[in-house]
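A.B. asks: To start, I am sharing the structure in question, which I have written as structure tokens.
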Amino acid sequence: DGVSTSSIQLQDADMSFSVSNAVIQGTSGEIVFASAGTGETIATTMASLHSEIDSENPLHSLVKIQLRADLSSLPAITKFLGLSNQQLAGRLAGKATAEAKVGQFANLAAWRADASVVSHYVRLADEPLGDFAAVAILKDGQLTVPETSIRWRDSQLQFGLVGDITDAVQLRKVEMDGFFKVAPISIADLANFASRYSKKPLPATGTADA
């Protein structure tokens, strides 16, 4: 049956789990999160699990997990989080896969995973951002976010990340290297944006890099 709180409702969902011929499979079906007040869909998710049991050594059995999520109403999500829903709009869609052997679940270096997020018509502080796709890859304890670009007006924002999370669980230590740059920065665009909050025009022109 549906589960609800004062602000969010989890609609009925079908879940299945089976074991046959040494193969374990499970799926959640589509899970819909909606506003308890308006019924507006906030997000939909789906998860699945697959494993072929190693009869000689079950701890060597490889488990594969897949997850998909569609955050269809960013304003509703920000409202649920107690943030201003006037500052964010649009939609995000993401998916992730992860796999590891049963006996290595606690060892981050043994996991292989990848995740991606795609934006659609996102607006931040009423400013439209160009649609973008961001990817993260985990392999051999190395987390990598390849260079990702986001366009705002005439400016291009770029960022990336590389890090070692091998010791994140046992030593609570993470080493990360990343970069963030904007080129070109339109001074006129920045002045125009700032003018909305200063309530007076800020004349400025030119470009810069950062």
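A.B. asks: Go through region 2-24 and report how many residues are surrounded by 15 or more Cβ atoms within 10 Å (Cβ to Cβ) and either at pLDDT 90 or above or part of a loop (DSSP other than H, G, I, E, B) (or both).
C.D. replies: So the answer is 3.
A.B. asks: Out of curiosity, is Ile65 within 20 Å of the chain's Cα centre (by Cα) and open to solvent by 60 Å² or more (accessible area, probe 1.4 Å)?
C.D. replies: yes
A.B. asks: From the set of residues in region 75-91 that are open to solvent by less than 40 Å² (accessible area, probe 1.4 Å) and part of a strand (DSSP E or B), which is modelled with the lowest pLDDT?
C.D. replies: Step by step, filter region 75-91, then rank; the result is Ala89.
A.B. asks: Still on this structure: In region 168-179, which residue that is over 30 Å from Ala125 (Cα atoms) and open to solvent by 80 Å² or more (accessible area, probe 1.4 Å) is modelled with the highest pLDDT?
C.D. replies: Out of the qualifying residues, it is Glu175.
A.B. asks: Something else: Taking region 126-140 on its own, how many of its residues are under 21 Å from Val63 (Cβ atoms) and touching a Phe, Trp or Tyr at 6+ places or on another chain (Cβ under 8 Å)?
C.D. replies: Total meeting the criteria: 1.
A.B. asks: Here's a follow-up. Check region 200-207 and report whether any residue there is open to solvent by 40 Å² or more (accessible area, probe 1.4 Å) and either at pLDDT 75 or above or part of a helix (DSSP H, G or I) (or both).
C.D. replies: Within region 200-207, none of the residues are open to solvent by 40 Å² or more (accessible area, probe 1.4 Å) and either at pLDDT 75 or above or part of a helix (DSSP H, G or I) (or both).
A.B. asks: From the list Asp54, Asp70, which one is of a type in the set (D, E, K, R), open to solvent by less than 70 Å² (accessible area, probe 1.4 Å) and in contact with a strand residue (DSSP E or B) (Cβ under 7 Å, 6 or more places away or on another chain)?
C.D. replies: Asp70
A.B. asks: Which residue out of Arg123, Arg91 is in contact with a Phe, Trp or Tyr (Cβ under 9 Å, 6 or more places away or on another chain) and more than 22 Å from Gln25 (Cβ to Cβ)?
C.D. replies: Arg91
A.B. asks: Which residues, counting only those in region 24-58, are in contact with a Ser or Thr (Cβ under 8 Å, 6 or more places away or on another chain), farther than 30 Å from Gln9 by Cβ and not small (Gly, Ala, Ser)?
C.D. replies: Hits for region 24-58 are Ile24, Glu52, Ile53, Asp54.
A.B. asks: Same structure, new question: Residue under question is Leu49, and the condition is that it be hydrophobic (A, V, I, L, M, F, W, C), surrounded by fewer than 16 Cβ atoms within 10 Å (Cβ to Cβ) and assigned to a strand (DSSP E or B); does it hold?
C.D. replies: For Leu49, the condition - hydrophobic (A, V, I, L, M, F, W, C), surrounded by fewer than 16 Cβ atoms within 10 Å (Cβ to Cβ) and assigned to a strand (DSSP E or B) - is met.
A.B. asks: Right, another one. Hey, can you tell me all the residues within region 29-40 that are in contact with an Asp or Glu (Cβ under 9 Å, 6 or more places away or on another chain) and either buried (at least 17 other Cβ atoms within 10 Å of the Cβ) or part of a loop (DSSP other than H, G, I, E, B) (or both)?
C.D. replies: Of everything in region 29-40, those that are in contact with an Asp or Glu (Cβ under 9 Å, 6 or more places away or on another chain) and either buried (at least 17 other Cβ atoms within 10 Å of the Cβ) or part of a loop (DSSP other than H, G, I, E, B) (or both) turn out to be Val32, Ala34.
The values are calculated or read from the model by the stated rules, or taken from the named source; none is laboratory data. Keep in mind that this is a model prediction, so the values were computed, not measured. Counting neighbours? That spans all protein chains shown, and the Cβs are built from the backbone with ideal geometry, glycine included. All accessible areas refer to the heavy atoms of the entire protein, side chains included, with ligands and DNA or RNA removed. Shrake-Rupley method; radii C 1.70, N 1.55, O 1.52, S 1.80 Å.
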